[in-house]
Amino acid sequence: MDPAEVEFLSEKEIVKIIPNFSLDKIYLIGGDLGPFNPGLPVEVPVWLALNLKQRQKCRIVPPEWMDVEKLEEIRELERKEGTFAPVPSPYYMELTKLLLNHASDNIPKADEIRTLVKDIWDTRIAKLRLSADSFINQQEAHAKLDNLTLMEINTIRSFFLDSLNFMYKLRSNMQPASSKGKAMDY
Amino acid sequence: MNRLLWPRSLSGALIGLQVLAPKPQTGSETNTQQRKLQVRVRRLHSVCLSHTQMDAQPYFPVQAGVGMEENFLSLDDILLSHERLPVRIECTFPRLGFLERSSDTQDIVEGTKMELPLWLSKGLYEKKRRVLSVELPKVYREGWRTVFNADPNVVDLHKRGPYYYSLGSQMLHFESPENPDIAQTLLQTFIGRFRRTMDSSQNAYNEDTSALVERLDSLEKGLFKSGQSGLNGFQSWEKGQAGQLTASSLVLNYRKRKMADGPH
């Protein structure tokens, strides 16, 4: 999977915007949006919010968790816990990047938020690598990883799957009798 | 020996080229032969090149089989089958003495020690009729196994291999009391080296990785590459380059090849 595809999926998340134009309710396959009235907050998907923002038709209200104090709390929790702490949004990384790149004037303390999210990301990736290593080391067959986001899984996916495949084959070497009957995929 | 190691793949074609090369002006026949071989080498070369590219590929490269079974279409496994193994001949090979340069006898006599490529040893080896017995290469013997069990990270697997894991798995085809230990050591070595491969592939961004990969087994190099593609993908997304459209590497390479072929 491409990171761009993950980003595409994240654009279906809902944000609140304050439009400065008026429009009737619009009917789309994915659901009805609107009606839009100047000054009245309305919920729309991110892709629409960004589009309107680029045409300067609205102001984006940042999601609740995109706030310095809350993110600091999450960061501390993440550093303290050995396991993955719950994240504010399954697409926290993508949303931060999208919103901060296109609508940084609507988000207070944009730079601090950027650093905080990056810190959280780094901590989680380090944890992910640590747990992958212990997973391999103890030759486990399955593991439960809660609270991982798609983007995080995506960075390590191909490497990890390949390693597990190789390890499986090296392991099946140890029981030559049972590996005889297995045909290759190719 | 020369003939036993003859073609089947890239290294075979290269050897053929070397043999023909010293006498280029003897006649048109040699020249056409040489030309054919050159074409073959170049074709294999382009296959190899596209094998090493990270992004778009003209076909899906087949990974090495690693286990007891080889993957027929894997380039790594083809090259692996040319690894030489020390063998001991257990019955006389009549009138094949010319293959063994070190002795002048007509036959290869029983008890001769020589080196044969893996594909040939596998073909000749039989459990019931003892045609030849295969000795373990040094890296898989007791002494080296102790080293691998102590600290797999210090070993230069590229120098010792470069098909350490694959060849080790292939050695299990030949009966030996040490087989379970070999399988165990292979697995432990992989596990022991995993962390370093992972960390280096996930952290080396936009830098020269040759120092990092030079000590890796060919299999670990493949892992390193997939780790790098994950990292590079994420980084280019973060920098906002993922949204830009770029020309496919296939198109670029096609243009290059056209230019290179132009003058002929």
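At-a-glance table
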read-out	value
Average beta-carbon neighbours from other chains, 10 Å sphere, peptide B:219-228	4
Inter-chain shielding of A:154-161 (mean C-beta neighbours from other protein chains, 10 Å cut-off)	6
Rounded percent of accessible protein surface that carbon and sulfur make up, the range A:1-135, 1.4 Å probe	52 percent
Filtered GluC sites (Glu not before Pro), the range B:171-227: DSSP coil and at most 13 other beta carbons within 10 Å	B:E175, B:E207, B:E214
Rounded tilt (10° steps) of A:110-137 against the dominant C-alpha axis of chain A	20 degrees
In degrees, nearest ten, helix A:68-80 long axis to first principal axis of chain A (Cα)	10 degrees
Burial ranking of peptide ranges B:145-153, A:110-118, B:229-237 (average Cβ count within 10 Å, highest at the top)	B:229-237, A:110-118, B:145-153
Partner chain coverage, peptide B:173-180 - average Cβ within 10 angstrom	1
Of the chymotrypsin sites (Phe, Trp or Tyr not before Pro) in the range A:1-101, those whose Cβ has at most 13 other Cβ within 10 Å and which sit in DSSP loop	A:F21
Heavy-atom surface of the range A:3-154, accessible at 1.4 Å and reported per residue (Å²)	55 Å²
Contact surface A-B: accessible area buried, both sides summed, square angstrom, 1.4 angstrom probe	3500 Å²
Highest average packing first - B:156-164, A:125-133, Cβ atoms within 10 Å	B:156-164, A:125-133
Residue among A:Q175, A:Q139, A:Q56 with the largest mean-square fluctuation in a Gaussian network model of chain A, springs linking Cα atoms under 10 Å	A:Q175
Span from the the range B:165-207 Cα centroid across to the the range A:128-142 one, whole angstrom	16 Å
Between helix A:150-172 and chain A: long-axis angle, C-alpha atoms, 0 to 90°, nearest 10	10 degrees
Centre separation in Å (Cα based) which lies between the range B:64-99 and the range A:3-20	57 Å
Apportionment of accessible area to carbon and sulfur, the range B:181-231, percent (1.4 Å)	45 percent
Relative contact order for the range A:58-177, counting Cα pairs under 8 Å that sit 6 or more residues apart, in percent	32 percent
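The values are calculated or read from the model by the stated rules, or taken from the named source; none is laboratory data. Predicted model, so just to flag it, every value in this text is computed and none were measured. Counting neighbours? That spans all protein chains shown, and the Cβs are built from the backbone with ideal geometry, glycine included. For accessibility, only protein heavy atoms count, side chains too; no ligands or nucleic acids. Shrake-Rupley method; radii C 1.70, N 1.55, O 1.52, S 1.80 Å.
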